[in-house]
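Below: the structure, in structure tokens.
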Amino acid sequence: MSQSLSALDDLLPDDFVKQLAALREARDQLDQQIRAHLAYGREFTGPRPYTLASLAEAAGLSISGVRTAYTAADRDAVSRALGRGPRSRS
């Protein structure tokens, strides 16, 4: 990491800001992928979902963080990608 940080001294201000924005975009994409994985693990696996505890540990979140990490829109995106709905909750 120190090598990449030392290279920052050679960047022009506009290039630095562009690089920072690109890092934010990459982070946002990873966050979206994590939300999709959490939705999949909770709503699309069967016969039972992954436990909140196992998903929390893997994602570096609390159990309550897993519960609130993904939205209906994230679940719908997973459903469209899989071509099927979530498992039924009996």
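A few comments on the model shown:
- Mean separation of Cα contacts under 8 Å (6+ apart) over length of segment 2-82, as relative contact order %: 26
- The fewest-to-most ranking of SER88, SER79, SER54 by surrounding Cβ atoms within 10 Å reads SER88, SER54, SER79.
- Matching label, volume of the Cα convex hull per residue in Å³ computed from the structure shown, candidates (i) 96; (ii) 116; (iii) 131: (iii)
- Segment 2-82, dipole about Cα centre (Lys/Arg Cβ +1, Asp/Glu Cβ -1), debye to the nearest 20: 600
- Ascending count of other beta-carbon atoms within 10 Å, so fewest first, for ASP28, ASP74: ASP28, ASP74
We did not get these values from a lab; they are worked out from the coordinates using the rules stated. Here the structure is a predicted model, which is why all the values come from computation and not from measurement. Ideal geometry is used to build each Cβ from the backbone, glycine not excepted, and the neighbour counts take in all protein chains shown.
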